[in-house]
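Please read the structure below before turning to the comments.
What follows draws every value from the coordinates through simple rules; no lab data is involved. Remember, it's a predicted structure, so these values are computed and weren't measured experimentally. Ideal geometry is used to build each Cβ from the backbone, glycine not excepted, and the neighbour counts take in all protein chains shown.
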Amino acid sequence: MAKRKIEVVVVGDASSLSRALGKSSADLDRFGKNAEGTHRRMAAVAKVGALATVAGATGIVVAVKAAASAYGEAEVSQRKMQAQLKASGVSYNAHAQQIEKVIQKTSQMSGLDDEKLQDSFTNIVRATGDVSKSLKLTGLAADFARGKNIDAAKAGEIIGKVAGGNVGILGRYGIQMKKGATATEALGELQKRFAGQAKAYGSTQKGAMDRAGDRKS
């Protein structure tokens, strides 16, 4: 493969750079005050420093805005999950490490965005009220998402509805269950049909590119 040379041009005079750095500092201070400890949100903020070293004054402001957007999306996802766990009578603090570990492992395996997987888990736990069961079903949702090429959060919504007894919804996705099929039977059928889809996708070049893109976002 031919080597390509990439040149980065820094634009902006010293005064504009100073103003940009001042804005970056103020924005980062606000981020820090709102941070609640998840490494995804802090990673989005930390990324600004790395981008700033090559981007110049104008680029710094752009980087801050990009990081603010990523931070905001992660914060919304986190707050939604915590609110749902509270509504389900489940302690977030008691399960935080377990949830984070499973979501990150599933994201790395499948190339799916971790916030989308967290939303998927939130949708499932809304139906089950059980963290361990919901985390297991989040893995099934990842397989279903890759197998049907749909959004991971939407896949979690569907899996949650099936777990709650709405077996008929699967008909919309070409999966016909026998009349009177139970939620357990429907979930078993999904497992049989889609097991390994997330891992298979994640092992492709496209999956590797998706993982790289998720780390940058």
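General observations
- Two-site label geometry, ARG193 and ALA181: point separation in nm, points 7 Å out along Cα→Cβ: 0.6 nm
- GLN98 versus LYS86: modelled label distance in nm, points set 7 Å from Cα along the beta carbon direction: 2.1 nm
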